[in-house]
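The values are calculated or read from the model by the stated rules, or taken from the named source; none is laboratory data. Note that the coordinates shown come from a computational prediction; the quantities given were computed from them, not determined experimentally. Cβ atoms come from the backbone with ideal geometry, glycine included; neighbour counts cover every protein chain shown.
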């Protein structure tokens, strides 16, 4: 092992830098009294445009918090400590972001940030050295790099000291931040319309998983609207190569309960994915909520079942459908655009859910003109709409623009042409 002595270049360099920083930060005149705050220092959490003091992330997601300053005046050094809940969020790094040196002064990359993820504190300081002016105006002092590791909300509380280039300290106005780390389980899609008698699927998805080893959930539904046909484990739990053992489904009195556990030597999956796919048949008209409850996610790292702090329910709407039959007369006299599309042949049939308004437009062929609608839609309005509350059949009628010419042409030729 290399012996470090008071004569080694490494020791001397560290000693000199420490002296410079301490002198710059602590050289406050003996007659010093703190001035009224003129600058404001705060936290910008996340990556959205503009300053935001609160942001929400999924567990396992990495993000940043910028330490910004407004109305700086001859800033020569800064020091801050941020307090946080280490069960919810952890700090991975802190970097100076260039504002302190914007007046031309040199900012040494020293000392390293003091990160204590056991007690939930991080301290950071930078000093600028002459020549050059102190920093003025607005900018970002430093950026804190963090990771959401738990479930819940953590305040991000700042203690800040500012010094001008003469070593005089100012106690700024401070704006703290807050983050929420989420473990979310929800129904996807959150809303789905289905046709009576049709079999469809929805997924149960997770966001914010960490080394997941199992899950379980229950969903309440209206058994007069849908009937559960099958439930299968999704692709996420076994995505790292672990074996998967499904438990259930248990379906009783409008409640579905399902789960799965994994086994193997591989780590569990992180992030987001599909826990399960539910297949159901629409058996009655109307709405049913898919209400998630009693959701647990097993964490292989802690050996504990985590309770998600965000649950997203689903909504299934069962609709009756009706048939719209569209025709033209005479054949070749024109077309009908149905919601902007022209059918390939006539008569054409379309299926629409109850209550749908369908847009219709008669388009005459060359040499023809539109006359009127007949059938379950009458009149000459064009374009128009038809409301689907039953099976309906409509025909667009056209007439030739040459009919009068053809009628009177023989008379004209007989009487006026020698």
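With the requirement that a residue be within 21 Å of residue 133 (Cβ to Cβ), buried (at least 17 other Cβ atoms within 10 Å of the Cβ) and out of contact with any helix residue (DSSP H, G or I) (no Cβ under 8 Å at 6 or more places or on another chain), what does segment 68-81 give you?
Listed by number, the residues that qualify are 68, 69, 72, 75, 78.
Would you pick out the residues in segment 319-342 that are modelled with pLDDT of 95 or more, closer than 23 Å to residue 195 by Cα and buried (at least 16 other Cβ atoms within 10 Å of the Cβ)?
324, 325, 326, 338
Could you check, for segment 82-95, whether at least one of its residues is modelled with pLDDT of 95 or more and either in contact with a helix residue (DSSP H, G or I) (Cβ under 9 Å, 6 or more places away or on another chain) or more than 20 Å from residue 149 (Cβ to Cβ) (or both)?
Yes: one or more hits.
Yes/no matrix, rows are residues, columns are (1) at pLDDT 95 or above; (2) more than 26 Å from residue 193 (Cα to Cα):
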| residue | (1), (2) |
| --- | --- |
| 347 | yes, yes |
| 367 | no, yes |
| 377 | yes, yes |
| 381 | yes, yes |
| 393 | yes, no |
| 398 | yes, yes |
| 401 | no, yes |
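Quick grid of which residues meet (1) out of contact with any helix residue (DSSP H, G or I) (no Cβ under 9 Å at 6 or more places or on another chain); (2) outside the structural domain of residue 260 (by TED's automatic domain parsing); (3) within 14 Å of residue 215 (Cα to Cα):
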position: 288; (1), (2), (3): yes, no, no
position: 292; (1), (2), (3): yes, no, yes
position: 297; (1), (2), (3): yes, no, yes
position: 300; (1), (2), (3): yes, no, yes
position: 304; (1), (2), (3): yes, no, yes
position: 312; (1), (2), (3): yes, no, no
position: 328; (1), (2), (3): yes, yes, no
position: 331; (1), (2), (3): yes, yes, no
position: 334; (1), (2), (3): yes, yes, no
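How many residues are touching a helix residue (DSSP H, G or I) at 6+ places or on another chain (Cβ under 7 Å) and part of a strand (DSSP E or B) when one looks only at segment 96-124?
Of the residues in that region, 0 qualify.
Could you go through segment 185-192 and let me know if any residue there is over 18 Å from the mean Cα position of the chain (by Cα), within 30 Å of residue 226 (Cβ to Cβ) and part of a strand (DSSP E or B).
Within segment 185-192, one or more residues are over 18 Å from the mean Cα position of the chain (by Cα), within 30 Å of residue 226 (Cβ to Cβ) and part of a strand (DSSP E or B).
Regarding residue 275, is this residue under 31 Å from the mean Cα position of the chain (by Cα) and modelled with pLDDT under 95?
No: the conditions fail for residue 275.
Suppose we filter segment 195-213 for residues that are farther than 30 Å from residue 302 by Cα and outside any loop (DSSP other than H, G, I, E, B); how many remain?
Residues meeting the conditions: 5.
In contact (Cβ under 8 Å) with a residue 24 or more places away in the chain and within 27 Å of residue 302 (Cβ to Cβ), is that true of residue 143?
no
Condition test on residue 121, is it loosely packed, with under 15 Cβ neighbours inside 10 Å, farther than 14 Å from residue 74 by Cα, touching a strand residue (DSSP E or B) at 6+ places or on another chain (Cβ under 7 Å) and at pLDDT 95 or above?
no
Does residue 366 fit the bill of being free of Cβ contacts under 8 Å to residues at least 40 places away in the same chain, exposed (fewer than 12 other Cβ atoms within 10 Å of the Cβ) and outside the structural domain of residue 196 (by TED's automatic domain parsing)?
Against the criterion (free of Cβ contacts under 8 Å to residues at least 40 places away in the same chain, exposed (fewer than 12 other Cβ atoms within 10 Å of the Cβ) and outside the structural domain of residue 196 (by TED's automatic domain parsing)), residue 366 qualifies.
Name the single residue, out of those in segment 236-249 being touching a strand residue (DSSP E or B) at 6+ places or on another chain (Cβ under 6 Å) and surrounded by 15 or more Cβ atoms within 10 Å (Cβ to Cβ), that is nearest to residue 273 (Cα to Cα).
Only one residue fits best here, namely 236.
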